[in-house]
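Below is one structure, written out as structure tokens; comments come after it.
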């Protein structure tokens, strides 16, 4: 499935590595097979430690997500949980443990593929290109990381600064190829050469060709790339000169991941013990020590009387000696100021605590006037005592100490204010980042829904749009800009919903003919066609023919019995019409009539629709839950043979079509596929709005299935192989249509409405 090409010409200056993301069986079944590459400006040991952390964190995160999240959690949710744990480990690696690397100069990508579902994430600026083959041996290229080109779908990834960015999710086609590289190869090879190398060859040959094309371009090129093909799973090391080195590296990581991480943590832990303490930690230790020393000084001062000056409270200093040097006057003064500052802070904190307690008691006593007055007086007395103590302590300081105390308090308040402002600004930044992440996540869901719609995965696209709608409803909308963002996202979701409906407005039709009979305007009821002729029957049994290019409709004859025919199908250049009683005739362009009855054998047969294939007439009789087959026996269509062999339920059927197999349409839009008398597994996609009044189904050997629906008036087009809804052709002129037919190429629809025959051009929706 993947193939790695690795250059490392910078001789250790750049670390290039293919990530080994080994997952257990259960995790692989739910998350998918995981692959990744990483390129960093690092030497071998640092790069290996980074890769070991990344491999271990992702593997553990994926396993933990599978175990903790619900059993029906989707692949992208499990992958996102694994990446969240990986990012947490990376943030600790570069922050707490201080790995000496520049995260901004690292490029990496991780992709997980489960069946055809892909989910990926990128770090830095790798290249992730999706190649979708086109019928003319070319390919359309989607850049899943950069949406700068107008021809690319709006995939967009906003990468975080130090880790992996947002999630890219989508569904790969059967022949799609994914190229993940540490650099954009288009700048070296060009779009056409790169697409040709990727699409035109198997992954192993594709990477070998890229190796040959890139090797002479830059001797210092250092690059890792993966070519992923969902059709098969394989891993190939193609470059013989690098195979031994790469295999050796892979083997070394298999058993040493845990050991490498343990050694790295040990080294970083030892380094952390020598780091300089923080500013606030130092202030706290100094204040604590100051409070302890100052208790002895105050006790001695109170014992000898009142303190008049700061100098009188000093303990006589001991003579200087080698073991006990005399502190300088400046240092002694600083210690005194710090001790007094600490004491003052302690008194303030105790005073605040007492004030809070008193306030609580005061509030409890507010309802009683006597108690309220007592509390107020008590608070005044305590405030007076507190202020007197503060004044006495302040007056006990000499003038330089007072100045230094004031400066220290200013410094503390400035530091505290700075910390508060820093925390407030960080909270605002975090809130803004979270808001931007919400918007990015919603946009990513819309983009993923658009990508799923490209590959006709309507259920996934619908689920993603439902999630996006819920997320938009949860966005804040207090300001004008926030409301504008919500409105913009809501419009994008609505546009994506319209795209899912596959609705195509066709142009106004051409009026090929307006048919009148001897009694006035004809009420046209049935239509069939061959290569260049349209046959039309009216409700009163008149049969007309008209060229597909337009002109004058000519009457060719009448249906036996003078009523709208139950069976009306073209046979060569002629038309065959029959009644419910079995009276039938083959009518030519010249108006010649040849009676050919149908042997229904019972008057209870109620034909709903019929088809002709290989000179055999197939008649749908929904009321009796059967399809009868009649052989052409020259003079008539012979006795009925029961075509169905498995008792398929045909109740509610309104029409049928034959192209070698039988297609039966029910009124609710259900289509039953019958092959050799047995129902084949097949279902058409649910349209939006659902079908409730289907009336006709038509097809040819070379076209899709076409269904005429009355409410709303439209023609639905389905892929015969998958049942996928290809298009809903809508036009107000389709309202009231009674029948329709399609040309062999499926590009033109002919419709009967009233007494008119209309022609619609159907755009190619594939």
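For this structure, a couple of remarks:
- The single residue among 708, 716 that is modelled with pLDDT of 95 or more and over 21 Å from residue 524 (Cβ atoms) turns out to be 716.
- Screening residue 741 against (1) in contact with a strand residue (DSSP E or B) (Cβ under 7 Å, 6 or more places away or on another chain); (2) under 22 Å from residue 513 (Cβ atoms); (3) touching a residue at least 60 places away in the same chain (Cβ under 8 Å); (4) part of a loop (DSSP other than H, G, I, E, B) leaves a single unmet condition, (4).
- Total residues in the stretch 500-520 satisfying the condition of being at pLDDT 85 or above and in contact with a strand residue (DSSP E or B) (Cβ under 8 Å, 6 or more places away or on another chain): the figure is 13.
- Residue among 364, 405, 419, 333 that alone is more than 30 Å from residue 476 (Cα to Cα), modelled with pLDDT of 65 or more and outside the structural domain of residue 485 (by TED's automatic domain parsing): 405
Results for (1) surrounded by fewer than 22 Cβ atoms within 10 Å (Cβ to Cβ); (2) more than 24 Å from residue 51 (Cα to Cα); (3) outside the structural domain of residue 226 (by TED's automatic domain parsing); (4) at pLDDT below 85, shown as yes or no for each residue.
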residue	(1), (2), (3), (4)
129	no, no, no, no
152	yes, yes, no, yes
155	no, yes, no, yes
174	yes, yes, no, yes
192	yes, yes, no, yes
212	yes, yes, no, yes
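- The stretch 87-133 - residue that is part of a loop (DSSP other than H, G, I, E, B) and touching a strand residue (DSSP E or B) at 6+ places or on another chain (Cβ under 6 Å) and, of those, nearest to residue 17 (Cα to Cα): 126
- Selection status of residue 422, buried (at least 18 other Cβ atoms within 10 Å of the Cβ) and assigned to a helix (DSSP H, G or I): no
- Exclusive hit being surrounded by fewer than 18 Cβ atoms within 10 Å (Cβ to Cβ), under 20 Å from residue 566 (Cα atoms) and not assigned by TED's automatic domain parsing to the domain that holds residue 460, set 693, 737: 693
- Between 59, 2, 107, the distinction of being crowded, with 18+ Cβ neighbours inside 10 Å, at pLDDT 85 or above and within 23 Å of residue 143 (Cβ to Cβ) belongs to 107 only.
- Looking only at the stretch 497-534, and only at residues there that are within 50 Å of the chain's Cα centre (by Cα), closer than 21 Å to residue 593 by Cα and free of Cβ contacts under 8 Å to residues at least 60 places away in the same chain, the one that is surrounded by the fewest Cβ atoms within 10 Å (Cβ to Cβ): 532
- Only one entry of 660, 677, 647 meets the criterion of being at pLDDT below 90, out of contact with any helix residue (DSSP H, G or I) (no Cβ under 8 Å at 6 or more places or on another chain) and under 14 Å from residue 618 (Cβ atoms), and that entry is 660.
- Near pairs, Cβ below 7 angstrom, 6+ apart or cross-chain, from the stretch 673-694 (closer than 30 Å to residue 735 by Cβ) to any residue that is exposed (fewer than 14 other Cβ atoms within 10 Å of the Cβ) and at pLDDT below 90: 692/711; 693/711
- Restricting attention to the stretch 476-486, the residues that are surrounded by fewer than 12 Cβ atoms within 10 Å (Cβ to Cβ) and either touching a residue at least 60 places away in the same chain (Cβ under 8 Å) or within 28 Å of residue 453 (Cβ to Cβ) (or both) total 1.
- Residue 29 meets the conditions (1) surrounded by fewer than 21 Cβ atoms within 10 Å (Cβ to Cβ); (2) outside any helix (DSSP H, G or I) in every case but one. The failed one is (2).
The values are calculated or read from the model by the stated rules, or taken from the named source; none is laboratory data. Note that the coordinates shown come from a computational prediction; the quantities given were computed from them, not determined experimentally. Backbone-built Cβ (ideal geometry, glycine too); neighbour counts: all protein chains shown.
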